[in-house]
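Below: the structure, in structure tokens.
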Amino acid sequence: SKQWYQRRVAITAGGWRYMLGLGSVPGILMVCLMLKVPESCRWLAHNGKPDQGRAVLERLRGTTDVEEEWEYIQEETLEREQGKLGQEGTLDHLLAILRDVGVRRALLVGVLLQFFQQFSGVNSIIYYSSTIVLEAGIASKEKAIWMSAVVGAINFLFTLVGVIGVERVGRKVLLLGSLTVMLLALLLLTITFSQIGTNLEQEQSLSWVIVVGLCLFCAGFAPGMGPLPWTLCGEIFPMWCRDTAVSITSLANWASNSVVTLTFLSLTSAIGSSHTFLLFAGVTALAILYFSLFLPETKGLPLEKINSLFERQLLFPPCSPMPNENEFTPLTTKEH
């Protein structure tokens, strides 16, 4: 009927408002759930509430036998207090970070984790997936939008793989596996885009290969290179500088995100999609090489012991044995 058609047109015309409004639902849900989340045991220890902090740790571990870990947390809290007492301002704090060999190495790893995450081209693929699919030869805009929805769904589903696998296979193995799949997907996109326009008979088939390449890239990115830079950046710094160091790595992420997002369409116009994805593939290959050598495995290690890995050695080749928690001596406080 005419009225049904008018309502349908009105809903479609204002659909973007519903889309933006739906974005508030996860935010509201998160706020409600956060009301049930306790403060961290480290924050409670640092703010003069040790009894509550220990209770949170026991609840988290599911046991009252947390004496050793609680001692490390208290020592780390003292280290942070002494570190702050020795610093008069932000500049002194930054200089203390740069003077500390272990923190300096960890900071470089953290910044490059965020840099390589973005310069692998992930947000170019997420943001412009519809444009990429259209360029690949799928003429229908509606079909291109649905294909971008498929890419997003795969990104979501394979994130669950990372949640399950991160403590089973380890951070480094999962990260390198993720980067390897991403590299293969980028090479597939590079080769396929180079064939677009050269073989009109197979162009429709090639367009679907590009969709497969986009999906494969997201399937590789989501379990490893997506969440692990944030996970590792929250683990590799000592407590006395963790907030500042994590802020620096976050700045690196969003700065890299801005550069890649703002230049992607210009790059594809200037050098073509094939060479653009080849550039991303080169960056991803460098990431594999760097993290193979300079990223330690942190699986199963308490936060209080991880930074000492960077203090003890520079290289962590894949053949090196996984660190054993029992190898570490208790933390000693430092003055900065």
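Stretched out straight at 0.36 nm per residue, the stretch from residue 39 to residue 108 would grow longer than its current Cα-Cα span by 21.9 nm.
Each peptide among 120-128, 253-261 gets the average number of other Cβ atoms lying within 10 Å of its residues, and from highest to lowest they stand as 120-128, 253-261. When 132, 154 are compared by accessible area of protein heavy atoms, the largest-first order is 154, 132, using a 1.4 Å probe.
The values are calculated or read from the model by the stated rules, or taken from the named source; none is laboratory data. Note that this is a predicted model, so its numbers are computed, not measured. No Cβ is skipped: glycine too gets one built from the backbone with ideal geometry, and neighbour counts run over all protein chains shown. The protein model used for the area step is the full one, side chains on, heavy atoms only, and it has no ligands, DNA or RNA in it. Shrake-Rupley method; radii C 1.70, N 1.55, O 1.52, S 1.80 Å.
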